[in-house]
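Undergrad: Here it is: the structure, laid out below.
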Amino acid sequence: MYDKYELVAGLEIHARLKTQTKLFCSCSNDTFSKEANSLICPICAGFPGALPVLNKEALSMAIKTGLALKCDVKKFSKFDRKSYFYPDLPSGFQISQYDEPICEGGELEVYVGEEKKTFQFNRIHMENDAGKLTHENHSSLVDLNRAGSPLIEMVTEPCFRSSEDVFEFLKELQRTLRFLGTSDADMEKGMMRCDANISIRLKGAVEFGTKVEIKNMNSFNNIKKALDYEFVRQVKAVEKGEKLIQETRGWVDDKEITVSQRSKEESADYRYFPEPDLPPVILDNAELDAYKKEVPELSAQKRTRFINDFKLPFKHASTLSWERELAEFFEEVVKISNNPQKAANLILGDYLALQKEQEVNISAANLAKIIKLMDEGKISSKIAKEILPEISKSDLDPEKYVEEKGLIQMSDTGELETVCQEVMSENPKMVEDFKGGKEKAIGGLVGQVMKKTQGKASPPMVNDILRKLMS
Ligand SMILES: [Zn+2]
């Protein structure tokens, strides 16, 4: 019965901007694991009459995020008060943007599997965060350190048709924010929070069904699970002839279900009105152009360039462009070694594997030297792998290192021929197999030669000599 229906989902994503100070005051925004209420002032603690002043860095980050997401950055935007009561919101209202947000529209291209999809944004606006409540021993504690931190809320169109779409979109969005340096977008630390609006409809239908908002999902995996759960719940309800109601449901992590929390508020309930203490934000063309120049090349653009310019396969290009630091390191190695293929193989293989085992401290210049040694036939890829851990401990010069340790490859053909002949006479079965047409048997012989020379022979050279000797 599920095949008849399709999921329709839209997202509201809050990302905390990585500014020095809060959105409307000069308190530090670096609040993670700080003593409760140690980073507050009359403005962010919501004292009556305190005067907010817009943080220019936060505005700049919101604009750059909008530009990177291909939004229409508005030359006129303003702030509004969104009224609601909550114990961690002492002012009784949040300063947000209602009808004139900083950004409208926008889109993000995402690969879902091998398929490229484009998902649309409706808007991005700025707002301040509330504080944090902790409940323990029949009492509740209020920490206002987080109150007043700058957030951007990114609202998408209801453009997602599967939980897989949402999962890949969020990963790409997270990467984009990290490349921009506008947010750490770490869900576990609450730097990125995501609510989802979900409804179902018969495939092919144009009208939307009754939407339900899901909250409290604190990881990408949980979002995926919650969407899958909610899809099944709604289909079952509709099939039974039940009427779905518009409501807010919370994700219960340990039970992996959603439960009803409250009926959904309409925007009228918040009684939005223009914030009287803040002037509108007005931008001119020159300012917008200056912001455009500050947007760096993003993950997806790097990936495309790695595929086109360096002829890397999609998967390799994708991993290398995943994080800005790794991508820039790879590009630096390519620039010096002029060998993108080998640089990609070495970084994706031995380099990343080593990072899981020890601290890796090797400069792009020295990693490029290892590639150069391989290109010149002075060391094999096996030796490269072996020396990497030592060299990476304190960024040693690989050229000096292989010379000192006597690891330079045997390039004397005569000497190699002698070893090859020895190996052939010790392994008559393999020789016979090869001569009988078993192409793979040569691998065994090459392996034996490599063993005898302690990896100092060049495998392609050994291969050639063996073939010559057995022909
Ligand atoms: Zn403050």
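Undergrad: Diagonalise the Cα gyration tensor of region 413-470 and give the resulting equivalent ellipsoid semi-axes, square root of 5 times each eigenvalue, largest first, whole Å.
TA: Values: eigenvalues 58, 22, 22 Å².
One finds semi-axes of 17, 11, 10 Å for region 413-470.
Undergrad: Over 29 Å, how big is the tail of the calculated P(r) for the chain, in percent of all Cα pairs? Present the calculation step by step, with values, prior to reporting the outcome.
TA: Details: 68943 of 110685 pairs.
In whole percent, the long-distance tail amounts to 62.
Undergrad: Now for a different question. Scan the chain and note any complete DSSP helix (H) whose C-alpha atoms cover at least 24 Å along its axis and whose Kyte-Doolittle average is -0.5 or more. Mind dumping the intermediate values first?
TA: Numbers: long enough: 163-180 (26 Å, -0.23); 220-239 (29 Å, -0.42).
Membrane-span-like by this rule: 163-180, 220-239.
Undergrad: What distance in nm lies between label points placed 7 Å from Cα along the C-beta direction at Ala353 and Ser263?
TA: The modelled label-to-label distance comes out at 6.1 nm.
Undergrad: Follow-up question, since we're still on this one. For Ser411 paired with Thr210, estimate the spin-label separation in nm (one decimal), with each label point 7 Å from Cα along the Cα-to-Cβ line.
TA: With each label placed 7 Å out from Cα toward Cβ, I get 7.8 nm.
Undergrad: Specify whether the C-alpha gyration tensor of region 225-318 places it in the rounded, prolate or oblate class, a ≥ b ≥ c being the square roots of the eigenvalues: rounded for a/c under 1.5, otherwise prolate if a/b is larger than b/c and oblate if not.
TA: Working: a/c = 3.60, a/b = 1.29, b/c = 2.80.
Oblate shape, in that a/c is at least 1.5 and b/c is the bigger or equal ratio.
Undergrad: Taking just the alpha-carbon atoms of region 1-142, what radius of gyration and Dmax come out, in angstrom?
TA: When restricted to the Cα atoms of region 1-142, Rg and Dmax are 18.7, 58 Å.
Undergrad: Also, I was wondering about something else. Report the accessible area of Lys311, computed with a 1.4 Å probe over the heavy atoms of all protein chains in place, in Å² rounded to the nearest 10.
TA: Per-residue accessible area (Lys311): approximately 140 Å².
Undergrad: Something else about it: When only DSSP loop residues count, what GluC sites (Glu not before Pro) in region 183-213 have their Cβ near at most 10 other Cβ atoms within 10 Å?
TA: Numbers: sites: Glu188, Glu207, Glu213; in loops: Glu188, Glu207.
Of the GluC sites (Glu not before Pro), the ones in loops of region 183-213 whose Cβ has at most 10 other Cβ atoms within 10 Å are Glu188, Glu207.
Undergrad: Which cysteines in the chain lack any other cysteine whose Cβ sits under 4.7 Å from their own Cβ?
TA: Cys25, Cys27, Cys41, Cys44, Cys159, Cys194, Cys420
Undergrad: Check the straight Cα-Cα distances from Lys236 and name the lysines below 27 Å, setting aside those fewer than 8 residues away within the same chain.
TA: Lys236 reaches Lys4, Lys203, Lys211, Lys215, Lys224, Lys225, Lys255, Lys264.
Undergrad: If R0 is 25 Å, what FRET efficiency do you get for Ser139 and Glu35 from their C-beta distance, rounded to 0.05?
TA: That gives a FRET efficiency of 0.85.
Undergrad: Ok, one more. What are the extents of the Cα atoms of region 297-404 along their three principal axes, in Å, largest first?
TA: Projected onto the principal axes, the Cα atoms of region 297-404 cover 42, 28, 19 Å.
Undergrad: If you don't mind, another one. Rounded to the nearest 0.05, what FRET efficiency do Glu164 and Leu469 have when you use their Cβ-Cβ distance and R0 = 41 Å? Kindly include the intermediate steps, with their values, before the conclusion.
TA: Working: r = 55 Å, r/R0 = 1.33.
After rounding, the FRET efficiency stands at 0.15.
Undergrad: Roughly speaking, what is the stretch gain from Arg305 to Gln454, that is 0.36 nm per residue apart minus the C-alpha to C-alpha distance, in nm to one decimal? Write down the numbers at each step before the final one.
TA: Values: separation 149, 0.36 × 149 = 53.64 nm, distance 3.93 nm.
Gain in length upon complete extension: 49.7 nm.
Undergrad: For the chain, what does the helix formula give at 222 nm: sum of -39500 (n - 2.57) over DSSP H segments with n ≥ 4, over the residue count, nearest 500 deg cm²/dmol?
TA: Values: 16 runs with 184 residues, N = 471.
It comes out at -12000 deg cm²/dmol, rounded to the nearest 500.
Undergrad: Using DSSP to call loops (not H, G, I, E or B), can you name the chymotrypsin sites (Phe, Trp or Tyr not before Pro) in region 179-227 whose Cβ has at most 14 other Cβ atoms within 10 angstrom?
TA: Working: sites: Phe179, Phe208, Phe220; in loops: Phe208.
Here the chymotrypsin sites (Phe, Trp or Tyr not before Pro) that fit, given the DSSP loop and packing criteria, are Phe208.
Undergrad: Rounded to the nearest 10 Å², what accessible area does His316 have for a 1.4 Å probe in the complete protein model?
TA: Roughly 70 Å² of His316 is accessible to a 1.4 Å probe.
Undergrad: Additional query: With every protein chain kept in the model, how would you rank Arg16, Arg81 by accessible area, 1.4 Å probe, largest at the top?
TA: The residues order as Arg81, Arg16, largest area first.
Undergrad: Of all trypsin sites (Lys or Arg not before Pro) in region 211-270, which ones are in loop regions per DSSP and have a Cβ with at most 16 other Cβ atoms within 10 Å?
TA: On the way: sites: Lys211, Lys215, Lys224, Lys225, Arg233, Lys236, Lys240, Lys243, Arg249, Lys255, Arg262, Lys264; in loops: Lys211, Lys240, Lys243, Lys255, Lys264.
Passing both the DSSP loop test and the Cβ count: Lys240, Lys243, Lys255, Lys264.
Undergrad: Give me the one-decimal nm value for the distance between modelled label points at Asn218 and Lys203, 7 Å along each residue's Cα-to-Cβ direction.
TA: For Asn218 paired with Lys203, the spin-label model returns 3.8 nm.
Undergrad: Near Lys293, which lysines are there with a Cα under 26 Å away, not counting those fewer than 8 places off in the same chain?
TA: Lys18, Lys22, Lys56, Lys64, Lys70, Lys74, Lys75, Lys78, Lys171, Lys302, Lys335
Undergrad: Can you give me the solvent accessible area of Ser219 with a 1.4 Å probe, rounded to the nearest 10 Å²?
TA: Probe radius 1.4 Å; accessible area of Ser219 about 20 Å².
The values are calculated or read from the model by the stated rules, or taken from the named source; none is laboratory data. This is a predicted model, so every value here is computed, not measured. So basically every Cβ, Gly included, is an ideal-geometry build from the backbone, and we count neighbours across all protein chains shown. Side chains included, ligands, DNA and RNA excluded: accessible areas come from the protein's heavy atoms. Shrake-Rupley method; radii C 1.70, N 1.55, O 1.52, S 1.80 Å.
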